[in-house]
Every structure is written in C-alpha cells, then in structure tokens.
Amino acid sequence: MARGRGTKKVSEYGLQLREKQKAKQAYGLREAQFRRYFQVAAKNRAQTGPTLFQLLERRLDNVVFRAGLSLSRAHARQLVSHRHFLLNGKRVSLPSILVKTSDKIEPVTPKKFSLRSDATTAGWLKVDKKKLTVTVASLPESADLPAEYDSQKIVEFYSR
C-alpha cells in the first residue's frame, strides 16, 4: 500500500448527513417526508431532536412494528397500506397516520397474525396477546425513544 493513502477523516457535515440518512432509512421515509417531520418538530417548543423521534415513533407503521405484529418497518408499512389494520374501528391505509393516546389498533383478521417471538413491546404500548390488539397507553417519552441515533447531529444538519 502506498504511503499517505489511508482513509480520509469524515467532516462534521459528513457525520451529520450519515446520521440523518441512517434514521431516514430506518423509518423508511423519503427526504421530503423526513424534512416535513423535522419542520413540525422544530416548530414545537420542546427540544427538536426528541420531538422528531417522538413523531416518527407515533407513525402507525412504526407502532405496528413496535407491537410485534410485523417482521420489519417495511413489512408493517405494506400491511397498513394493504388495509390489514383497524385504527379505532376504522380500516386505514395510511402508514403515516400519527397515533394518539388511547388509540386502538387491531388486525382486520386476527387469525392471520401472530406476534413476533423476539418482539419486545415498547413501554408506551399495551398489547393484548390473545386478541392481538394494541392500545397506545401514552406518548413515547425520552426513555422510550431509540438510542441508536444522535438526534443532535440531525438537528445540526437541518439547522445549517
């Protein structure tokens, strides 16, 4: 190997971009959607970073995934898009619906669904394992938000 041909140090912008891309891809969003969530979070008086992830966690497709009713977020998104779930008794097809406290999510045909064996239900959701219904007990708190993303870098990226 020739001298001086090592890996380049990643700039601060590069680190911020990588963090944003990681979160965006994990939640299965396009750039415009992710930016819109950031703008809503930035308008809120609370801290922007945790508010952004609270909004992302409240998406219906993410709730279905967190409850253990799907294999992945992409799978949850497809199930919701194909109208396999009821939200408060109404059939829904929009994975981006934000759930509120006391919302009830249930499969249209519970016999076709089973909970993932490796599923660890989020603390802000109550899952009835027999009926396969999910109730939003509360909104996600800071402790319930994913720790694998650095929300500060994402806020800095959009604040340039």
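Values quoted throughout were computed directly from the atomic coordinates according to the rules given, and no laboratory measurement underlies them. Keep in mind the model is a prediction, meaning the values are calculated, not measured. A quick note on method: Cβ atoms are made from the backbone with ideal geometry, for glycine too, and the neighbour counts reach across all protein chains shown.
Taking only the alpha-carbon atoms of the chain, what semi-axes of the equivalent ellipsoid follow from 5 times the gyration tensor eigenvalues under a square root, in whole Å, largest first?
Those come to 33, 18, 14 Å.
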What full-extension length gain, to one decimal in nm, is calculated for Ser117 and Ser93 as 0.36 nm per residue of separation minus the Cα-Cα distance? 6.1 nm
Alpha-carbon Rg/Rh ratio, for the stretch 104-143, with Rh computed the Kirkwood way: 1.00
If the limit is 29 Å between Cα atoms, which of Lys22/Lys131; Lys22/Lys100; Lys90/Lys111; Lys22/Lys130 go over it? Lys22/Lys131; Lys22/Lys130
Calculate the length of the line joining the C-alpha centroid of the stretch 110-151 to that of the stretch 46-98, in whole Å. 11
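Quick one: grab the alpha carbon gyration tensor of the stretch 38-107, order the square roots of its eigenvalues as a ≥ b ≥ c, and give me rounded if a/c is under 1.5, else prolate or oblate depending on whether a/b is larger than b/c. Walk me through the numbers before you get to the answer.
Working: a/c = 2.35, a/b = 1.84, b/c = 1.27.
Cα axes put the stretch 38-107 in the prolate bin.
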Just to confirm the filter: which trypsin sites (Lys or Arg not before Pro) across the stretch 39-125 are DSSP coil and have at most 16 other Cβ within 10 angstrom of their Cβ? Arg45, Arg83, Lys100, Arg116
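Using only helices, what value at 222 nm comes out for the chain when you add -39,500 (n - 2.57) per DSSP H run of length 4 or more and divide by the total residues, to the nearest 500 deg cm²/dmol? Mind showing how you got there, number by number?
Numbers: 6 runs with 63 residues, N = 160.
Per the formula, -11500 deg cm²/dmol.
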